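Heads up, the thing below is written out as structure tokens.
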Amino acid sequence: MDDFQNLTGRLLVAMPGIEDERFEHAVILICAHEPDHAMGLRLDRPAPGVDLKAVLASLKTEAPDEAAERAVLVGGPVERERGFVLHTDDWMSEDGSLAFGEGMAITGTREALAAMVDPVSGPRRSVLMLGYAGWGDGQLEDELGENVWLTAEADPALIFDTDYAEKWGKAVAKLGVDPAQLSGQSGRA
């Protein structure tokens, strides 16, 4: 595929009218992208009734009270029982971290969960995700061709912003587009 454009480290911003309601107003960070697959984490949907302190307590890991104020996000519809820590690359696990983009990494280990609440040696910024968004061979490219997604530069301030209800609008505005001007109609010019 000569015209393959690797989107690793970039954001996908759902267009209005996306046919899959699981991705309405979604902002997804692409963590891996190859011609035959892509994997991303949704940044704007807190898991109902779940917080970081509760997750850590269920794993018998000590956590400060402030961890109860940290949302756990639904990273996507695939393997929702699997956790991923999205974090800055100032903390890395030798065995389990995947660095990508500019200064970002994901880790799927208990070590990463403990590091999230370690103010001394843990990552500067982090968020726990349950599940991920995945695309098969050519699927993401097809969706991009159908104008289902806008692509944008990843911005750590937006990635780790906790104003989840406004994240989609902020992502669209960063593209210089007024969200009210976007049409729910897709197609090609």
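Of the set (1) surrounded by fewer than 11 Cβ atoms within 10 Å (Cβ to Cβ); (2) modelled with pLDDT of 95 or more, all apply to Phe160 but (1). Tell me which residues, restricted to segment 114-134, are open to solvent by less than 20 Å² (accessible area, probe 1.4 Å) and either outside any strand (DSSP E or B) or farther than 19 Å from Val74 by Cβ (or both). Within segment 114-134, Ala115, Met116, Gly122, Pro123 meet the criteria.
Of all the residues in segment 15-61, those that are surrounded by 15 or more Cβ atoms within 10 Å (Cβ to Cβ), assigned to a strand (DSSP E or B) and at positive phi number 0.
Select from segment 141-151 the residues that are within 13 Å of Asn6 (Cα to Cα) and surrounded by 17 or more Cβ atoms within 10 Å (Cβ to Cβ) and list them in ascending order. So that I can check it myself, show each step before the final result.
From segment 141-151, those within 13 Å of Asn6 (Cα to Cα) are 141, 144, 151; that's our starting set.
Glu141, the sole residue that qualifies.
Among the residues of segment 1-14, what is the count of those that are modelled with pLDDT of 95 or more and either open to solvent by less than 30 Å² (accessible area, probe 1.4 Å) or over 22 Å from Phe100 (Cα atoms) (or both)? I'd like the intermediate steps shown before the answer.
Looking only at segment 1-14, we keep the residues that are modelled with pLDDT of 95 or more, and these are 7-14.
Retained after the next criterion (residues that are either open to solvent by less than 30 Å² (accessible area, probe 1.4 Å) or over 22 Å from Phe100 (Cα atoms) (or both)): 7, 9, 11-14.
Residues that pass the stated criteria total 6.
When we screen Trp91, Trp168 for residues that are among the aromatic types (Phe, Trp, Tyr) and either at pLDDT below 95 or in a helix (DSSP H, G or I) (or both), the only hit is Trp168. Apart from one condition, Asp137 fits all of (1) over 24 Å from Phe4 (Cα atoms); (2) open to solvent by 10 Å² or more (accessible area, probe 1.4 Å); (3) out of contact with any Gly (no Cβ under 7 Å at 6 or more places or on another chain); the exception is (1). Here are some residues: Ile28, Ile18. Which one is over 14 Å from the mean Cα position of the chain (by Cα), within 26 Å of Ala152 (Cα to Cα) and hydrophobic (A, V, I, L, M, F, W, C)? The unique qualifying residue is Ile18. Contact annotation: residue pairs with Cβ atoms under 8 Å, 6 or more positions apart or on different chains, pairing a residue in segment 121-140 that is over 20 Å from Ala26 (Cβ atoms) and charged (D, E, K, R) with a partner that is part of a strand (DSSP E or B) and open to solvent by 40 Å² or more (accessible area, probe 1.4 Å), are Asp137/His37.
Return yes or no: is Met104 within 12 Å of the chain's Cα centre (by Cα), farther than 22 Å from Asp20 by Cβ and crowded, with 17+ Cβ neighbours inside 10 Å? Taking the combined requirement at face value, the residue satisfies it.
Number of residues in segment 62-78 that are of a type in the set (D, E, K, R) and not in a loop (DSSP other than H, G, I, E, B): the value is 3. The residues of segment 62-88 that are crowded, with 17+ Cβ neighbours inside 10 Å and under 25 Å from Leu12 (Cα atoms), listed by number, are Arg70, Val72, Leu73, Val74, Gly75, Gly76, Gly83, Phe84, Val85, Leu86, His87, Thr88.
The values are calculated or read from the model by the stated rules, or taken from the named source; none is laboratory data. Predicted model, so just to flag it, every value in this text is computed and none were measured. Every residue, glycine as well, gets a Cβ built from its backbone with ideal geometry; the counts of neighbours run over all protein chains shown. Side chains are part of the model used for accessible areas, which takes the heavy atoms of the whole protein and leaves out ligands, DNA and RNA. Shrake-Rupley method; radii C 1.70, N 1.55, O 1.52, S 1.80 Å.
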